[in-house]
Amino acid sequence: MQSLKSASVANAVRSATRISQRSVSRTTRALSTLRSQTTTRNVSRTTAVSAALLSPKTQQQARHGSSSASSEALQKTPLYDLHLAHGAQMVPFGGFHMPVQYKGLSVSASHAFTREHASIFDVSHMVQRVFSGPGAREFLERVTPSDLASLGVHHSTLSVLLKADGSGGIVDDTIVTKLAEDKFYVVTNAGCREKDNEYFDQELVKAKESGLEVTQEQLDGWGLVALQGPEAEAVLADALDGTTDLKDLYFGQSVYGKVKLDGKTSAPLLISRGGYTGEDGFEISIPPSDTVAVTEKLLTVGGAERVQFAGLGARDSLRLEAGMCLYGHDLDESVSPVEAGLSWVIPPNRRKADAGYYGAETIAAQLTPKSKGGKGVTRRRVGLIVAGAPAREGAEIVAKGDPTTKLGRITSGCPSPTLGKNVAMGYIKDGQHKSGTEVEVLVRGKARPAVVAKMPFVPSKYYKSA
């Protein structure tokens, strides 16, 4: 699997465009449909999903993500006007007006540009929270399986919020950053906002009743931008005021830095190294007063040859190539971390039934497979390479040569601009999940050959210490 870093931009874009020509046509048709829908038929969840990848279930429910739909008017991120100025095509998404792509740049071309250079994604629709107080760590270790005591200050971890009923089901996926021993920055998904707010409110009441001192602050109105791609570090370094050395900032770490603005510097920005594309990059939390200026600065210092805006369409194909989950599609409350292939978010010292977080007993039993005497799981999330037409969400996975033997279901899928193949992920019967297993996927009623494949489909390029 070759990265687009090894090809010229022109060749990469031409190749990607040929690969997904029919997909881009579908994008146009989907956008026309979305624009005709009223804003009261709102979207409810996401981190990113392309209008080109709308599944039948999504089209029927007029949403990208979770099954609940809000009746509130769509909100605008702080960058809304800047998106329009750059020719964005806006769609309802996670309760917000969000850009799906930009004038003059197809979804596949934007995808290729990100792999070759750098792109800016507006993710300000995500919910930024800060939990503080002497009981903050214990509180978060109750609702997630993470070991936050051992997590270093200004280090982050992917985690999951777990149902309080002990089932091990995932309420939402999240990134937790330790800002201090008693202060944590938590990012949750936009479409889960109402559900997560209710969840945290209930858990904070329980915490108070148990004697824990912890408070929550939502950073409403703050900007959050993801600068992703091999030139992300150089672009950000050119924008910073010179007091922050990004060479010492590795994947999963964060630092406060300031950007040079006209005649002044910005307020301190929380800069976290990581992202949702599989490329090196940063997610930058920005106070409301500086969001537009900081984003414009990144575009200006980078120049169009190094950095451009990218929308939800490219973000979805990039995250799928990187093997990353989309809540409401690949994850939901019926799925446990073990089934989802996220056992790695549970550290060794929290893998026992008495670990103290919600669902610990259930999850501990699942961690040991049936083949080794444990309970195991009946299904597992896997990657697949599908021949012929791309498999979309809801397509059935069946046994090779026997479409009556149901093995599982696709949860996400699209043509991969980087690989020139159709990639997908889904849940398959335990025992059929090993890489190289040949199966079939029913696409529009026709059985298509498919093979279980390791994820990520495209090798990750995170900036890690030696």
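Give me Rg over Rh for segment 349-466, both radii from the alpha carbons and Rh done the Kirkwood way, two decimal places. Walk me through the numbers before you get to the answer.
Values: Rg = 16.8 Å, Rh = 15.8 Å.
Answer for segment 349-466: 1.07.
Sort 385, 120 by accessible area with a 1.4 Å probe, largest first. Each step should come with its number before you reach the end.
Working: 385 40, 120 0 Å².
Largest accessible area first, the residues go 385, 120.
Once the Cβ-Cβ distance between residue 220 and residue 387 is put in as r, and R0 is 41 Å, what FRET efficiency do you end up with, to the nearest 0.05? Can you show the working numbers first?
Working: r = 47 Å, r/R0 = 1.14.
The formula returns an efficiency of 0.30 here.
Return P(r) of segment 273-421 (all Cα-Cα pairs; 10 Å bins starting at 0; whole %; ordered from short to long distances).
9, 27, 28, 23, 11, 3
Top to bottom by accessible area (1.4 Å), largest first, where do 425, 90 land? It would help to have the intermediate numbers written out before the result.
Working: 425 0, 90 35 Å².
Sorted by accessible area, descending: 90, 425.
Take the solvent-accessible surface of the protein heavy atoms, probe 1.4 Å, and return the percent of it on segment 347-465 that carbon and sulfur atoms account for. Please list the in-between numbers first.
Working: 2840 of 5710 Å².
For segment 347-465, the apolar C and S fraction of the accessible surface comes to 50 percent.
Taking the full set of protein chains and a 1.4 angstrom probe, give the accessible area of residue 254 in square angstrom, rounded to the nearest 10.
Accessible surface of residue 254 is approximately 10 Å².
Could you please state how large a percent of the accessible area of segment 165-323 is carbon and sulfur, counting protein chains only and using a 1.4 Å probe?
Ligands and nucleic acids excluded, carbon and sulfur give 49 percent.
Pull up the cross-link candidates among the aspartates and glutamates for residue 206, meaning alpha carbon to alpha carbon under 18 Å and not fewer than 8 places away within one chain.
Excluding near neighbours in sequence, the set is 138, 141, 165, 196, 198, 217.
What do you reckon, how do 250, 256 stack up by accessible area (1.4 Å probe), largest on top? Could you put the intermediate results ahead of the total?
On the way: 250 65, 256 110 Å².
Greatest to least solvent exposure: 256, 250.
What would the Debye equation give as log₁₀ I(q)/I(0) for segment 321-404 at q = 0.20, 0.22, 0.26 Å⁻¹, counting only Cα atoms as equal point scatterers?
Computed log10 I(q)/I(0) values: -1.04, -1.16, -1.37.
Go through 301, 356, 334 and say which Cα lies farthest out towards the positive end of the charge dipole of segment 301-382; charges sit on Cβ, +1 for Lys and Arg, -1 for Asp and Glu.
Towards the positive end, the residue furthest out is 356.
Under a cut-off of 22 Å between alpha-carbon atoms, report the lysines in cross-link reach of residue 247, not counting same-chain residues fewer than 8 places apart.
Answer for residue 247, where 22 Å is the Cα cut-off: 5, 178, 258, 260, 297, 461, 464, listed by chain and number.
How much length is gained on full extension from residue 289 to residue 353, taking 0.36 nm per residue of separation minus their Cα-Cα distance?
Numbers: separation 64, 0.36 × 64 = 23.04 nm, distance 4.65 nm.
Full extension of this stretch gives 18.4 nm more.
Along the charge dipole of segment 234-288, which of 242, 256, 267 sits closest to the positive end, that is, farthest toward it, with unit charges on the beta carbon of Lys, Arg, Asp and Glu (+1, +1, -1, -1)?
Farthest along the dipole direction, towards plus: 267.
Taking a probe of 1.4 angstrom, what is the accessible area of residue 186 in Å², to the nearest 10?
Roll a 1.4 Å probe over it and residue 186 shows about 0 Å².
Using a basic spin-label model with each label point 7 Å from the Cα along Cα→Cβ, how many nm lie between residue 103 and residue 245?
4.5 nm
Using only the alpha carbons of segment 272-356, determine the length spanned along each of the three principal axes and report them from longest to shortest in whole angstroms.
Largest to smallest, the principal-axis extents are 52, 26, 21 Å.
Give me the 1.4 Å probe accessible area per residue for segment 133-259, excluding ligands and nucleic acids, in Å². Please list the in-between numbers first.
Details: 4980 Å² over 127 residues.
Heavy-atom accessible area per residue stands at 39 Å².
Work out the FRET efficiency for residue 181 and residue 454 from their Cβ-Cβ distance, taking R0 = 35 Å, and round it to the nearest 0.05.
Working: r = 38 Å, r/R0 = 1.07.
The value I calculate is 0.40.
For segment 350-393, what is the convex hull volume of the alpha-carbon atoms per residue, in Å³?
116 Å³
Tell me the accessible surface of residue 138 in square angstrom (1.4 angstrom probe, heavy atoms of protein chains only), to the nearest ten.
100 Å²
FRET efficiency for residue 153 and residue 237, Cβ-Cβ distance as r, R0 = 30 Å, nearest 0.05?
0.85
Can you give the accessible area per residue of segment 329-392, in Å², using a 1.4 Å probe? Don't skip to the answer; put the middle values down first.
Details: 2840 Å² over 64 residues.
Per-residue value: 44 Å².
Applying a 10 Å radius around every beta-carbon, put 97-103, 447-453 in order of their mean neighbour count, most first. If you can, show how the numbers build up before the last one.
On the way: 97-103: 22.7, 447-453: 18.7.
Ranking, from highest mean packing down: 97-103, 447-453.
Run the numbers for residue 198 and residue 300: contour at 0.36 nm per residue of separation, minus the present Cα-Cα distance, in nm. Don't skip to the end; give the middle numbers.
Values: separation 102, 0.36 × 102 = 36.72 nm, distance 4.06 nm.
Full-extension gain reported as 32.7 nm.
The values are calculated or read from the model by the stated rules, or taken from the named source; none is laboratory data. The structure presented is a predicted model; accordingly, all values stated were derived computationally and were not measured. Positions of Cβ are backbone-derived with ideal geometry, glycine not excepted, and every protein chain shown enters the neighbour counts. To get the accessible areas, we keep the full protein, side chains included, count just its heavy atoms, and leave off ligands, DNA and RNA. Shrake-Rupley method; radii C 1.70, N 1.55, O 1.52, S 1.80 Å.
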